[in-house]
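K.L.:
Pasting a structure below so you can have a look.
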Amino acid sequence: MTTLGRPRVHHRLADSTNERAKELAVAGAPHGTLVTAAEQSAGRGRQGRSWVAPPGRAVLMSLVVRELGEHSPMLPLAAAVAVCEACEAATSVSCEIKWPNDVWIEGRKVSGILVEGRPQDGWAVLGIGLNVATAADEFPEDLREIATSLAAAADDAPDSPEAVLPLLLAALERRLGDPPTEVVAAWRARDALRGRSVRWTDGSGTAAGISDAGSLVVETDAGEVELGAGEVHLLR
Ligand code: BTN
């Protein structure tokens, strides 16, 4: 029985579950406190982007995590591995991870993760958006080529985010407590970029896996570089 997900606050409509969870964390909510929503009016993604999902079709959750110690730097990577495992437990899909923590099915994004926190106060909020029941034609036009859902990817997908949530919490429980070496090994086994041409703001090269600390290693004409944060794009 997982200890994550209790207490749980569910909103029919929230601005952003990450915002609500941060508020609870500041007020002292315990490790494992879960905020979910059927719909968000101001869902946030990484790099200042927004996150949109039709009502009732996606897992929209934020978890308060405390005192992770040596596990803390691995939280975004461990969460991505857990999302993959939950999707594969829920239905017949295979998931890969695009560094650092986008979860892909057949090259399309099914889930995104936004970790926000105050390490100095010993807490972080782990926000996960996972498209479960969104039909292909429900994605906004500009996302149709790059986004997917469990339902769009597999015939046997559950029709409700609530069916996936317990699988996700159980996978998170396992992975958040894993030693960093195990998280990195599990992540490497799902690396979607390895061997592929990538570009980022300051350069381009061939993705060569992740370091033991979780940075993206890229081989460039000038030698190997490690990217610790930011965004990379596939060239082809
Ligand atoms: C990304 O891929 O850019 C990260 C997306 C994270 C979206 C989730 S949905 C639940 C939680 N609340 C938010 O406002 N964002 C995260």
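The values are calculated or read from the model by the stated rules, or taken from the named source; none is laboratory data. Being a predicted model, the structure only gives us computed values, none of them experimental. Positions of Cβ are generated from backbone atoms using ideal geometry, with glycine treated the same way; all protein chains shown enter the neighbour counts.
K.L.:
Which one of these is part of a loop (DSSP other than H, G, I, E, B) and surrounded by 16 or more Cβ atoms within 10 Å (Cβ to Cβ): GLY195, GLY214?
P.N.:
Of the residues listed, the single one that is part of a loop (DSSP other than H, G, I, E, B) and surrounded by 16 or more Cβ atoms within 10 Å (Cβ to Cβ) is GLY214.
K.L.:
Restrict the check to region 58-71 and report whether at least one residue is within 25 Å of LEU150 (Cα to Cα), of a type in the set (Gly, Ala, Ser) and out of contact with any Cys (no Cβ under 7 Å at 6 or more places or on another chain).
P.N.:
yes
K.L.:
Then there is this: Out of GLN47, GLN120, I need the residue that is at pLDDT below 95 and within 19 Å of SER16 (Cβ to Cβ). Which one?
P.N.:
Every option except GLN47 fails the conditions.
K.L.:
Checking ARG12 against (1) more than 21 Å from LEU75 (Cβ to Cβ); (2) within 13 Å of the ligand (Cβ to nearest atom); (3) surrounded by fewer than 18 Cβ atoms within 10 Å (Cβ to Cβ), which test does it fail?
P.N.:
With respect to (1) more than 21 Å from LEU75 (Cβ to Cβ); (2) within 13 Å of the ligand (Cβ to nearest atom); (3) surrounded by fewer than 18 Cβ atoms within 10 Å (Cβ to Cβ), ARG12 is out only on (2).
K.L.:
While we're looking at this one, here's another question. If I filter region 52-72 for residues that are polar (S, T, N, Q) and within 16 Å of ASN131 (Cβ to Cβ), do I get at least one hit?
P.N.:
Scanning region 52-72 turns up no residue that is polar (S, T, N, Q) and within 16 Å of ASN131 (Cβ to Cβ).
K.L.:
Exactly one condition in (1) near the ligand (Cβ under 8 Å from one of its atoms); (2) within 15 Å of the chain's Cα centre (by Cα) is not met by ALA42; state its number.
P.N.:
(2)
K.L.:
Would you confirm whether any residue within region 65-87 is under 22 Å from VAL184 (Cβ atoms), of a type in the set (Val, Ile, Thr) and part of a strand (DSSP E or B)?
P.N.:
Scanning region 65-87, I find at least one residue that is under 22 Å from VAL184 (Cβ atoms), of a type in the set (Val, Ile, Thr) and part of a strand (DSSP E or B), so the answer is yes.
K.L.:
If we keep just the residues of region 99-138 that are within 14 Å of the ligand (Cβ to nearest atom) and outside any strand (DSSP E or B), which is nearest to the chain's Cα centre (by Cα)?
P.N.:
Ranking the qualifying residues of region 99-138, first place goes to ASN101.
K.L.:
If you check GLU145 against the conditions, is it part of a loop (DSSP other than H, G, I, E, B), over 23 Å from VAL35 (Cβ atoms) and in contact with a Lys or Arg (Cβ under 9 Å, 6 or more places away or on another chain)?
P.N.:
Yes: the conditions hold for GLU145.
K.L.:
Just give me the residues in region 149-158 being in a loop (DSSP other than H, G, I, E, B) and either modelled with pLDDT under 95 or over 14 Å from the mean Cα position of the chain (by Cα) (or both), in sequence order.
P.N.:
ALA154, ASP155, ASP156, ALA157, PRO158
K.L.:
Would you point out the residue of region 54-75, among those that are aliphatic (A, V, I, L, M) and modelled with pLDDT under 95, that is surrounded by the fewest Cβ atoms within 10 Å (Cβ to Cβ)?
P.N.:
LEU68
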